[in-house]
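Student: Below you will find the structure I want to go over with you.
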Amino acid sequence: MRQAAVARSHWRRRLRAAPSRALAASTVALTALAAVALAGCATLSDQPSSEDDGPYRGLYATSRSNLMSLSEVVERHPEDPQAYNMRGSVFGEAGRGELALADFNKAISLDPNYAQAYANRALVYRNSNRLDLALADYNKALAIDPGYAPAYLGRGIVYRQQGRAMPALNDFNKAIALKPDNAQAYYNRGLLYQNQHQHPFAIDDFSTAIGLASQKGEPYLARALSYLAMGDAKSAASDLDQAVQIEPQSAQAWTSRGLAYERLGQKDKAAGSYAKALNINDKYALARAGFDRVGGQIGQSYQTF
């Protein structure tokens, strides 16, 4: 890890001249898998409740009774911005983005200097792909509180999604400096390195993220893609064994695992992984192509482990 950290200063200089590109790979299949991964893995989970950049940090359960309790708090304290912010967080966790926005808007109207509420609202905007609005809110949160690590992480993700690699790197570095135990920051910086073909650095960051959040499948999947890009199918297969056990309903992880075992020449395991992906999503073209490539037969049983 130390060696990678030292080498990053050289990469920062290269980044200024390097355009943001999709993950390079030695085969069309790996290129397609990597493109899917980079598009879909901005966070350690698609569910806002697991994010650590904003309100959705699992502090409050998304149960109906909890929403009722928080609504009662809002009714008793209609001028309390924290009450709206808390309820907005729960609405966000529950995927009720517009209700979350309404509560964050109210919190901000009551306290225009509420940095967390701006970052919370930015996350809702980001999750609905309203990146310009998200960026404006992250900027506002950091203008109010320059030491608010979640806002640097969130803004870095927006920059990465916009293809602005250097500002993203700066924000991820700042988030890590402020909160060194933030798995999300390492994971997202790893995706940035991966997208720039800097796979040793990406693997280093994914490994740190795994050490901090070992029960999340996404860092294992992302690290596996970098291992595949470097020609290390054995390490990739090991990571993907972990990924599919943590996220057994991830067609992407099973398909990536199929590719790793295909490269290792273990066609039975590869076919089993591709078949598992197709059982989850029978329209997943990458899994179908892989299954056909290794001679998979519908109705036949295959080894998976």
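Student: What is the extension gain from R164 to S71, computed as 0.36 nm multiplied by their sequence separation minus the C-alpha to C-alpha distance, in nm to one decimal?
Tutor: Details: separation 93, 0.36 × 93 = 33.48 nm, distance 3.97 nm.
That pair, R164 and S71, stretches by 29.5 nm at full extension.
Student: So if R0 is 25 Å, what FRET efficiency would S214 and L264 give, r being the distance between their Cβ atoms, rounded to the nearest 0.05? Spell out each step's value before the answer.
Tutor: Numbers: r = 24 Å, r/R0 = 0.97.
Computed FRET efficiency for S214 and L264 comes out at 0.55.
Student: In addition: Give me the dipole magnitude in Debye, nearest 20, for the stretch 142-209 about the Cα centre, with unit charges on the beta carbon: positive for Lys and Arg, negative for Asp and Glu.
Tutor: Values: 6 positive and 5 negative charges, 38 e Å.
Computed about the Cα centre, the dipole is about 180 debye.
Student: Still on this structure, please answer the following. What is the distance in Å between the Cα centroid of the stretch 210-236 and that of the stretch 68-134?
Tutor: 35
Student: Along the stretch 95-100, what does the Karplus equation 6.51 cos²θ - 1.76 cosθ + 1.60 (θ = phi - 60°) give for ³J(HN,Hα), rounded to whole Hz, x for Gly and Pro?
Tutor: Whole-Hz 3J(HN,Hα) from phi for the stretch 95-100: x, 9, x, 5, 5, 4.
Student: What is the magnitude of the charge dipole of the stretch 115-260 about its Cα centre, with +1 placed on the Cβ of each Lys and Arg, -1 on the Cβ of each Asp and Glu, and no other charges, expressed in debye to the nearest 20?
Tutor: Details: 14 positive and 12 negative charges, 74 e Å.
Around 360 debye, computed over the stretch 115-260.
Student: Which lysines does K174 reach when only Cα atoms under 27 Å apart count, and residues fewer than 8 places away in its own chain are ignored?
Tutor: K140, K216
Student: Can you pull out the trypsin sites (Lys or Arg not before Pro) in the stretch 256-305 that DSSP calls coil and that have at most 15 other Cβ atoms within 10 Å? Write out the running numbers ahead of the final one.
Tutor: Values: sites: R257, R263, K267, K269, K276, K283, R288, R293; in loops: K283.
Answer by residue number: K283.
Student: Give the long-range amide H neighbours of R96: residues separated by 5 or more places, or on another chain, with amide H under 5 Å away, using H modelled in the peptide plane at 1.01 Å from N.
Tutor: none
The numbers here are math on the coordinates, done by the rules we state, and not lab data. Note that the structure is a prediction, hence the values are computed from the model and not measured. Cβ: placed from backbone, ideal geometry, glycine included. Neighbour counts: every protein chain shown.
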